[in-house]
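The values are calculated or read from the model by the stated rules, or taken from the named source; none is laboratory data. Note that the structure is predicted; figures quoted are calculated from it, not measured. Here the Cβ is made from the backbone with ideal geometry for all residues, glycine too, and neighbour counts use every protein chain on show.
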Amino acid sequence: MMRGPAAASAREQHRRFIVLMVQCIFVLLLLEGVLRKWALSGIEQPLIFIRDPFMIAAIVAYFAYRGDRLSPLATGFLLTALMLFVLALLQAASGTASLSMILGFRFYLLFVPLLFIVPETFHAADIRRLFVLCLLAAIPVGLLVIAQFHSPVSSPLNKGLDDAVAGRFTVTAGVVRPYGPFTFALGQATYAAFSLAVLLIATVARSLGPRSRMFLFAAGAMVMAMGALSGSRSYFVPAAIIAGCMLAATLLTGMRTGRYRAFLSALVLIGAFLLVFIVVFPDAFATMTQRQETASASEGTILNRMWAIVAAFGPYLDDAPLLGLGIGAGTNAGSFLATGERTFLLAESEWARHVLELGPLLGLVVIALRILLCLYLLRVALRAALAGHAPSLIMFGFCGPLILTAQITGNNLMTVLPWLASGLVLALERQHRFVAQAARAKLTMRLAPAV
């Protein structure tokens, strides 16, 4: 067994390898749709798994890095995986298992380790590099979104996984809901919201963003353009939550330090976004207003829609089989295996699908775990904000609602960013704690009487 400097060097190599794998996963998240839609459309199905080898490599390297010293989150993940594995065996014995079960394990488990891998391996410099990479990617993605919005719905720029025009999502008649480099509008809306959180963090904590103000300005303009042209409530609701978390975090920081510059910057950024949305892209504002009126008439208000997502699982508690209908049976991939079509085979709501796939008992356990994780992340983020560190709460504004209710175990585009962002909430708080401890230690040494 290696000891001393050799062991430390090996651990550092493992850590750097893990960080590299996570960075590759993020890049492939953006490239997957480009490959599947345009570059390699003939083999688009296998490309769904393009990120998986990198995630598996990161998990293996992580356990080598940590050895037997697993964190509570990592231990909880292993127990949850064991619980689902036992359920899968019972489902197989009862005859409800199918090939979709393999995909179900992937959706439910594969990218969850980002939750604890990122905070345990990322240093401040690694977080900054990931944020700069995100903002750098936002520039070409933003330009693509602008081109898609101003192109006809039938344009090749606006294609999904096939050339069919009928299934392409629109804001209103003749106005496309941009997919960006992704295969569906939800992926683009989620990436735009994540980029917004990164932009706001880079604005209030300059050490976590690009050094160049010109670069930050260019990236910020594209991030705002992506959001303004998204045409989706899946962007505007998260964006409002992120903005609210930013205002709360910077206000708490100001109350602690007596400096309200970050809070004023938050107000300026929100005003700039509204200016971009209403003045620079008036067509987008008009179509989104019309879209909201139409959606409210058919689905109710945004609050009604959010409540329907949460409450949808209730009616299934008495009807779902005790062991469920099969892990992964209700995912888009599972429905494709069963019917040849990508659709919500069991239920659109995530909580309802948990109950149907896993059974009422284990379904409620998984729902409870998601609620508890969301509350834990909120507690960590608030603790950081009260200590004068805003970024964790801003990032929670993005991932908290997604961890709570979004389709993170049923949609291929949603398997990475919520878990990556959750890990970043913890990593940002952890790095701030390290800096604060180092500062206190340095102050103690300075105040110590000379011997």
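What residue, of F107, F116, is under 16 Å from the mean Cα position of the chain (by Cα) and modelled with pLDDT under 95?
Result of the check over F107, F116: F107.
From L70, L29, L89, L79, grab the single residue that is aliphatic (A, V, I, L, M) and not in a helix (DSSP H, G or I).
One residue alone meets the criteria, L70.
Among L84, L70, L28, which is the only one that is crowded, with 16+ Cβ neighbours inside 10 Å and within 22 Å of the chain's Cα centre (by Cα)?
Testing whether each residue is crowded, with 16+ Cβ neighbours inside 10 Å and within 22 Å of the chain's Cα centre (by Cα) leaves just L28.
Can you tell me which of A39, A64 is closer than 24 Å to L136 by Cα and more than 22 Å from the chain's Cα centre (by Cα)?
A39
Residue-by-condition table, conditions (1) part of a loop (DSSP other than H, G, I, E, B); (2) at positive phi; (3) surrounded by 14 or more Cβ atoms within 10 Å (Cβ to Cβ); (4) touching a Pro at 6+ places or on another chain (Cβ under 7 Å):
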position	(1), (2), (3), (4)
A138	no, no, yes, no
V145	no, no, yes, yes
V153	yes, no, yes, no
V165	yes, no, no, no
R211	yes, no, no, no
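For region 276-298, check the following and say yes or no: at least one residue is loosely packed, with under 13 Cβ neighbours inside 10 Å, modelled with pLDDT under 70 and within 23 Å of H389 (Cβ to Cβ).
There is no residue in region 276-298 that is loosely packed, with under 13 Cβ neighbours inside 10 Å, modelled with pLDDT under 70 and within 23 Å of H389 (Cβ to Cβ).
Tally time: how many residues in region 163-193 are more than 24 Å from the chain's Cα centre (by Cα) and either within 25 Å of I242 (Cα to Cα) or touching a residue at least 12 places away in the same chain (Cβ under 8 Å) (or both)?
Here the count works out to 4.
For region 412-428, name all the residues that are among the polar types (S, T, N, Q) and in a helix (DSSP H, G or I).
Answer for region 412-428, where residues must be among the polar types (S, T, N, Q) and in a helix (DSSP H, G or I): N412, S422.
Say whether the condition of being within 23 Å of M306 (Cα to Cα), in contact with a strand residue (DSSP E or B) (Cβ under 8 Å, 6 or more places away or on another chain) and either surrounded by 17 or more Cβ atoms within 10 Å (Cβ to Cβ) or at pLDDT below 90 (or both) is met by at least one residue in region 173-190.
Scanning region 173-190 turns up at least one residue that is within 23 Å of M306 (Cα to Cα), in contact with a strand residue (DSSP E or B) (Cβ under 8 Å, 6 or more places away or on another chain) and either surrounded by 17 or more Cβ atoms within 10 Å (Cβ to Cβ) or at pLDDT below 90 (or both).
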